[in-house]
Amino acid sequence: MGRFTFALVCTMAATLGCERETRRYTELPAAANRSTAVRLTTLQPGSPQPISNVQSPYQYNAYGLAEGKRLYAAYNCAGCHGVAGGGAIGPALMDDKWIYGSHADQIFSSISQGRPDGMPSFGGHIPDQQIWQLVGYVQSLAGLVSQDAATSRNDDQIVGKPENRIEGTKQIQTGHR
Amino acid sequence: MGIRAQRRGLFLTVAGIAFMISACQKPTSDTVQQSPASARALSGSLADPARLQQDDGQWVMSAKNYAATRFSSLGEITPANVKQMGVAWTFSTGVTAGHEGPPLVVGDTMYLVTPWPNILYAFDLTKPGAPIKWQYDPKPLGAAKGVACCDIVNRGAAYANGAIFFNALDGRTMSIDAATGKERWVTQLTDINRGETMTMAPLVVKGKVFVGNSGGEFGVRGWLTALDADSGKTAWRAYSTGPDKDVLIGPTFKPHYDSDRGKDLGITTWPGEAWRIGGGTVWGWLSYDPEADLLYYGTANPGPWNPEQRPGDNKWTAGMFARSPDTGEARWFYQTSPHDLYDHDGVNEMVLADLQMNGGTRKVLMRADRNGLLYVIDRLTGEVLSATPFVPVNSNKGVDLKSGRLIPVKEKESKQGMVVRDICPAAPGAKDEQPMAFSPKTGLLYIPHNNVCMDFEGTAVSYIAGTPYVGASVVYKAGPGGNRGFFTAWDPLAGKPKWQIKESFPVWSGALVANDVVFYGTMEGWFKAVDANTGQLLWQFKCGSGIIGHPMAFKGPDGHEYIAVTAGIGGWPGAIVSADLDPRDATAGNGWGGMLADLKKTTTKGGMLYVFTVGGGT
């Protein structure tokens, strides 16, 4: 090993070593700000902070929900989750079991981020606005949006109840399974 | 870098020495083991699967033997004493998806691959309760589950020359040392981002491991790949669509029918570039005729299901190939469903037998196809000798034996934007992958199968890699008679059933014929033994979950006959339970929601291996 290389390695080791051993006592860590992140559980350490209650911008909007329905077919969501949300490769969306929660921001996260057991990550592949429209439609499959705004009977084969006849009594859930 | 390389060198030296030591010790340990089963497994040339498949004490490949008969001549369990059969031991896999495929028995060891996460277990049969000898966890990607169409199943492993070969869902084929559970090689073959998975059971012939891909509902381009059994390197690959050079069609290709002759039919029978995403995956069963040196396998449905998006015959999907195992060259092809309208994959097992027909011996293969026809085909030429409906069929009028072509029924042709009702059989077919058995003693095929019809609407679909490419809204319903399944003993010469048992649910388990007793399971969880000649129910045992597994027979180190099967509801129909689908949507599970709502009230999920013997559990 040449003398120059030896010196270089020593310098690099010293530099890296300094960074490794640095203790920053004055600056705040990045996470010091109160988090507004989407929570997937109700369990929190200490006294619970309120669960965010972001609603889909299309919760009461017929056009947005209808767009969501169109996109649910166009992006092949139906192929995995069933034409009426009964599930197939992916879980059922019409029932009252929500692995990752039924809050609008939780469903947004599931579509955008994907989930490790098979849900693809659509974030960056489709516009956020369309994800919000899908969020509204997914909620409508379980009766979680206004029946006044939900889409009605299919033009195709009838395979389940129309979305606007699904009773909206089901509770929004934070992930529980 | 230098230090790492040095270390690797040192490791290799140490590993090399360790290997040499273990290699030196091996003959000693072989001679120490005295039990007949292990001597049988490990002595010299018998390590070759071509020989092992003939030993009914063992079960070294999914289909039992190259002819795929799932027949065992072991005769200790008889129609007279099967009533005394009981549980010898059980094993919980801890996996709640559908358990297809049989365990293997090689020497004194049983091997079982679970559904995803595809853990390979080895059990020591010489010890009470068959404790785990070792387990190998390939840690397949969880994301692979998102592109597996019909539950996250695995259809079993294969043994050859001291190694167990199997596939993990995320598209890897593995060779694992059968004695130690150590990895020999792992080959990544598919890309889940293109919707490609692997679920089939490999077949090993003459030092090559044959594997195929799954993903016919994701716009995958199907193939069969031959891997070198020692290295895991690809020897050849034959695609099911595209130019002749990709399909390995050359001068030795001599199909029996005119419609399969012509240049690059794998391109010209498709619109534009649709063959690139046209399906024809190879997720089913393989057979091999050592005398003719021909490998047989089927190709799955063309994609998408909506047939209006792919005018043409869609070669070489929904049919069967005969190939040279050495080079992969195609010898003949026969298309069971040209321009498939109903998701009638051509992947069902082909049972090889020599039948006395029309005054002579014919070397045939027999296939109970999704399209409802039981084909008897000359396996040397690909000529259809007979094609007989084995369930009520209204979507075809059989086969024109002159042209070899399936005769379609105009009013049952599916259309985009139009619901065509009461098509029989439905998409999962008169019979899906659940394998039948054949007894050379009775000359009968024992067929576990469905009695299912459907309403079908084609819908426009866009190809988005990694998402379903189906384009259909389908709803299944019970076929005529109301029973959704049958277990049928079929006489292939007479072209009619010898006897038939109605079952409430589709019979999605495999069949086993062990001398004079036939075994199968139901989706309720009953494991049944019936008389091979009469179909009379002789014995049944209620397992903890519905059965879609494939029963097998072996002789234990104690010299007694055992029957093994996995319970664990799932698979395409059973996903209603295993994936907790909501049957209020009639398309749930891609069509099963409409007719299997009661399955959720009948059985629960949970994988368990059951091993039975006469006098077991006493």
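Only beta bridges with both residues in the protein assembly as shown are counted; by DSSP, about 95 percent of them are antiparallel.
With the charge dipole of the protein assembly as shown set up from +1 on Lys and Arg Cβ and -1 on Asp and Glu Cβ about the Cα centre, the Cα lying farthest toward the positive end among the listed residues A:Q59, B:V577, B:T109 is that of B:T109. Segment B:S462..B:Q188, full-extension length gain: 95.9 nm, with 0.36 nm per residue of separation and the alpha-carbon distance subtracted. Considering the dipole of the protein assembly as shown built from charges on the beta carbon (Lys and Arg +1, Asp and Glu -1) around the Cα centre, which of B:G359, B:A179, B:G129 is farthest to its positive end? Toward the positive end, the furthest listed residue is B:A179. Does segment B:316-376 come out rounded, prolate or oblate by the C-alpha gyration tensor, with a ≥ b ≥ c the root eigenvalues, rounded set by a/c under 1.5 and, if not, prolate when a/b is larger than b/c and oblate if not? It comes out oblate by the Cα gyration axes. Per-residue ellipticity at 222 nm computed for chain B from its helices equals -3000 deg cm²/dmol, with DSSP H segments shorter than 4 residues left out and the rest contributing -39,500 (n - 2.57).
Would you compute the Debye intensity of segment B:48-614 from its alpha-carbon atoms alone, equal scatterers and no solvent, and pass along log10 I(q)/I(0) at q = 0.08, 0.09, 0.10, 0.11 Å⁻¹ to two decimals? Taken in order of the listed q values, log10 I(q)/I(0) reads -0.45, -0.58, -0.73, -0.91. Inter-part distance, segment B:198-245 to segment B:353-400, computed on C-alpha centroids, equals 26 Å. Can you return the lysines within cross-link range of B:K412? Criterion is Cα-Cα under 18 Å, with same-chain partners fewer than 8 residues away left out. Output for B:K412: B:K397, B:K477. What does the C-alpha gyration tensor say about the overall shape of segment B:342-463? Classify as rounded when a/c is under 1.5, otherwise prolate if a/b is larger than b/c, or oblate. In terms of gyration-tensor shape, prolate.
Converting phi to 3J(HN,Hα) with the Karplus coefficients 6.51, -1.76 and 1.60 and the offset θ = phi - 60°, segment B:450-460 yields 10, 9, 9, 10, 7, 9, 9, 10, x, 10, 5 Hz in sequence order, with x at every glycine or proline. Summing +1 for each Lys or Arg and -1 for each Asp or Glu among the other residues whose beta-carbon sits under 14 angstrom from that of A:L134 gives -2. Among all stretches of chain B without exposed GluC sites (Glu not before Pro) (DSSP loop, at most 13 other Cβ atoms within 10 Å), which one is longest? Counting at most 13 other Cβ atoms within 10 Å as exposed, the longest clean stretch of chain B is B:292-618.
Computed from the Cβ-Cβ distance with R0 of 30 Å, the FRET efficiency linking B:D580 to B:I132 stands at 0.55. Here the contact order of segment B:48-614, divided by its residue count and restricted to Cα pairs under 8 Å and six or more residues apart, works out to 15 percent. When the P(r) is computed for the protein assembly as shown, the part past 49 Å accounts for 21% of the Cα-Cα pairs. Under 14 Å of direct C-alpha separation, and excluding same-chain neighbours fewer than eight residues apart, A:K97 reaches these aspartates and glutamates: B:D580, B:D582. Around the Cα centre of the protein assembly as shown, unit charges on the Cβ atoms of Lys, Arg, Asp and Glu (plus for the first two, minus for the last two) sum to a dipole of about 900 debye. Basic side chains Lys and Arg get +1 at the Cβ, acidic Asp and Glu get -1 at the Cβ, and with that the dipole of segment A:62-165 about its Cα centre reaches some 140 debye. Based on Cα contacts under 8 Å between residues 6+ apart, segment B:397-474 shows a relative contact order of 28 percent. Think of segment B:48-614 as a dipole: +1 on every Lys or Arg Cβ, -1 on every Asp or Glu Cβ, centred on the Cα centre; then among B:A472, B:G398, B:T90, B:G398 lies furthest on the positive end. Take the Cα of B:K601, step 7 Å toward its Cβ, do the same at B:E308, and the gap between the two points is 3.8 nm.
Computed from the coordinates by the stated procedures, all read-outs in this text should not be read as laboratory data. Quantities reported herein were computed from a predicted structural model and do not represent experimental measurements. Methodologically, a virtual Cβ is constructed for each residue, glycine included, from the backbone with ideal geometry; neighbour enumeration extends over all protein chains shown.
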